[in-house]
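Colleague: Can you read through this structure? Questions will come right after.
The values are calculated or read from the model by the stated rules, or taken from the named source; none is laboratory data. Predicted model, so just to flag it, every value in this text is computed and none were measured. Every residue, glycine among them, receives a Cβ derived from its backbone with ideal geometry; neighbour counts consider all protein chains shown. Surface accessibility is based on the protein's heavy atoms, side chains included, excluding ligands, DNA and RNA. Shrake-Rupley method; radii C 1.70, N 1.55, O 1.52, S 1.80 Å.
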Amino acid sequence: MLDRLDHALRARPERPAVLTAGRTGAPRVRATGGELAELSDAFAAALHARGLRAGDIVGVAVRPGPRALAVLLALWRLGLRGAVLDPGAGPDVLRARLALARPALVLADAAAQAVAGWARPLARRAGLALPDLAGLGPVATVGPRLPGCAPALELGAPRVGVPVRGDSYGDADAVIVFTSGTTSTPRAVVHTRASLAAGMAAVSSLFDAVPDAPVLGGTFFVLVPALTRGAPVALPARDPRILARQLKRLRPQHTYLTPPQLRDALDAGARFHGRVWTGSAPAGAGLLERVRGAGAAQAWGVYALTELFPAAAVEAREKSAFEGPGDLVGAPLPGVLAERDADGELLLSGAAARHRYLGEQPDAWVRTGDRARLDGAGRIVLEGRAKDMVLRRAENIYPGLYEPALHVPGVELAVLVGVPAGDGDERLVAVVQPRRGAAEATLRAALAEPVRRMGTARPDALLFARIPLSGRSRKPDRAAASALAARRLEASA
């Protein structure tokens, strides 16, 4: 599909491709199709001139938008593997992750470099943090360069001899996305060119966008299929009030927002148009019906994982009519196979499934970490998470990545647990068990810096308590710890 996108951008270079919104919500053209194609050509020539060749790993720390999309197209064209650097993961985790897949080059915009440098104190307030990028590998700046940034990626490199067709690399690795594990043994999802293309094709069949009518959404899985069909994509405004105005002015045929974005937009009085899609976190029937009540012709919840996107989808009316226990997320999409293992965990497979985890053998089945059942109609009904993952405001948080940092001197045991916060969301709570004689005030001060370094995994609350244990091995009982935290938080409210 990325090859078809490249063709679509060049076929009508004057057509608006990426839109943004001003304070009034009025659309602004951020890039045309021709400008995106030209920028991707320049990036490809620059990377080729630096000696990068098919199979090399390139770290990417670029905000979503035209530059990030042009980088993706350039990497695809050259057969390079992109490793996504998420500033919300925290510097310690990212450093450990990149030790597993050391990049030949890191592409970063000025904002990412500021987060890793002079703006680190400000970025921490937003839950963002990056390690010193230069310690990960050579760094090149894409976009406007500010004082203190790495040298700019040279966009005037000759284009003679640069590979032209991205599909000539067959089914090689395309993208590396780090998800779970610990800082000592991080796991990374590896998508091949085939699985990435299959996922985008599945989204395209869901969205069914028509040319020239706008789509609103900010992820690659929205940008690529929509632009391939000739539909301009508007990046959602961050301010809910401006987003509400943007929706009113734009009247998009399709809208993709996370559940937290939807809630904030609804609270700001947003009205919707066409089909609205949401994912990355549970979306209850109540939220989907609120969206329909705000004007949407249809409101869909999408069930997806980093390992397989998308897997299933359900419309508000079907979800509202479901009366059984559990959370109905819909029938598996065409090409997606669903099974349960002996413990009730949902297993998925299909063309869009990740090929493997970095450093591990390929496995056709993705373990979702969700307990589920298939109802009489073959639909997936979730019954709770089998893993320890906490889902907060559309972000997956894996406690094992961050709990070691809580074990400062004076801490005997510490866990991160989720506490239900309504509509499928969770609060992240650090439950810390002090050693005998340790003063809580001293521990709170000692934990301040490790907590700040957790990025978007920073807990909502820090509680001191004896952590319940269970089983013959006396491991921490996370369910009991979550219930304990819930009681304590309710008592203090």
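Colleague: Run down the aspartates and glutamates and flag those whose C-alpha is under 12 Å from the C-alpha of LYS248, throwing out any fewer than 8 positions away in its chain.
Modeller: none
Colleague: With Cβ to Cβ distances under 14 Å as the rule, what net charge do the other residues near ALA483 carry (K, R +1; D, E -1)?
Modeller: With Lys, Arg at +1 and Asp, Glu at -1, the neighbours total +2.
Colleague: List, in order, the whole-Hz ³J(HN,Hα) value for each residue of segment 321-330 obtained from phi through the Karplus relation with A = 6.51, B = -1.76, C = 1.60 and θ = phi - 60°; use x for Gly and Pro.
Modeller: Running phi through 6.51 cos²θ - 1.76 cosθ + 1.60 with θ = phi - 60° gives 6, 6, 10, x, x, x, 10, 6, 10, x Hz.
Colleague: Further, regarding this structure: Net charge around ALA446, counting only other residues with Cβ within less than 15 Å of its Cβ (Lys, Arg = +1; Asp, Glu = -1)?
Modeller: Once all neighbours under 15 Å are counted, the net charge is +1.
Colleague: Quick check: pseudo-label points 7 Å beyond the Cα along Cα→Cβ at LEU347 and ARG102, how many nm apart are they?
Modeller: Label-label distance for LEU347 and ARG102, simple model: 3.7 nm.
Colleague: Taking the structure as given and computing Kirkwood radius over Cα pairs in Å, which label from [x] 23.8; [y] 24.9; [z] 22.9 fits?
Modeller: Correct label is [x].
Colleague: If you don't mind, another one. Taking 8 Å as the Cα distance limit and 6 or more residues as the minimum spacing, I'd like the relative contact order of the chain as a percentage.
Modeller: 12
Colleague: Ok, one more. Cross-link candidates for LYS387: which lysines have Cα within less than 17 Å, leaving aside residues fewer than 8 places away along the same chain?
Modeller: The reachable lysines, counting only those whose Cα sits under 17 Å from LYS387, are LYS475.
Colleague: Still on this structure: With every protein chain left in place, what is the accessible area per residue of segment 179-335 in square angstrom, probe 1.4 Å?
Modeller: Averaged over the residues of segment 179-335, the accessible area is 36 Å².
Colleague: Additional query: Consider all pairwise Cα distances in segment 329-487 and report the whole-number % of them above 25 Å.
Modeller: When every Cα pair of segment 329-487 is considered, 43 percent fall beyond 25 Å.
Colleague: Please report the net charge: other residues with Cβ closer than 13 Å to the Cβ of LEU80, K and R +1, D and E -1.
Modeller: +3
Colleague: Between LYS387 and ALA448, what is 0.36 nm times their sequence separation minus the Cα-Cα distance? Round to one decimal in nm.
Modeller: Here the answer is 19.2 nm.
Colleague: Something else about it: Give me the percent of DSSP beta bridges within the chain that run antiparallel, rounded to the nearest 5.
Modeller: Around 60 percent antiparallel, to the nearest 5.
Colleague: Something else about it: Mind checking the per residue accessible area of segment 1-115 for me, 1.4 Å probe, whole number of Å²?
Modeller: Averaged over the residues of segment 1-115, the accessible area is 36 Å².
Colleague: I want to check the label-to-label distance for ALA439 and LEU489. Put each point 7 Å from Cα in the C-beta direction and report it in nm to one decimal.
Modeller: With each label placed 7 Å out from Cα toward Cβ, I get 2.9 nm.
Colleague: On average over all directions, what projected area in square nanometres does segment 1-147 have, based on the convex hull of its Cα atoms?
Modeller: With every direction weighted equally, the projected area is 9.9 nm².
Colleague: Kindly provide the Kirkwood hydrodynamic radius of segment 174-333 in Å, to one decimal, from all pairs of distinct alpha carbon atoms.
Modeller: Across segment 174-333, the inverse of the average 1/r is 16.4 Å.
Colleague: Next up: If a paramagnetic tag sat 7 Å from the Cα of ALA134 along the Cα-Cβ line, which residues of segment 48-65 would have the backbone N under 20 Å from that point?
Modeller: In segment 48-65, the label zone of ALA134 (backbone N under 20 Å from the point 7 Å along Cα→Cβ) covers 59-62.
Colleague: What percentage of the solvent-accessible surface of the chain, computed with a 1.4 Å probe over protein heavy atoms, is contributed by carbon and sulfur atoms?
Modeller: C and S atoms contribute 53 percent here.
Colleague: What distance in nm lies between label points placed 7 Å from Cα along the C-beta direction at THR219 and TRP365?
Modeller: Spacing of the two 7 Å Cα→Cβ label points: 2.5 nm.
Colleague: Tell me, what is the FRET efficiency for ALA321 and PHE464 to the nearest 0.05, using R0 = 56 angstrom and their Cβ-Cβ distance as r?
Modeller: Given R0 = 56 Å and the Cβ-Cβ separation, E is 0.75.
Colleague: Search the structure for amide H atoms under 5 Å from the amide H of ALA304, placed 1.01 Å from N in the peptide plane, and list their residues when 5 or more places away or on another chain.
Modeller: Long-range HN contacts for ALA304: SER280, ALA311.
Colleague: Now a separate question. Restricting to segment 215-326, compute how many DSSP beta bridges are antiparallel as a %, nearest 5.
Modeller: Antiparallel: roughly 30 percent of the beta bridges in segment 215-326.
Colleague: While we're on this one: Per residue of the chain, what 222 nm ellipticity follows from adding -39500 (n - 2.57) for every DSSP H run with n ≥ 4, rounded to the nearest 500?
Modeller: Counting only the DSSP helices, I get -9500 deg cm²/dmol.
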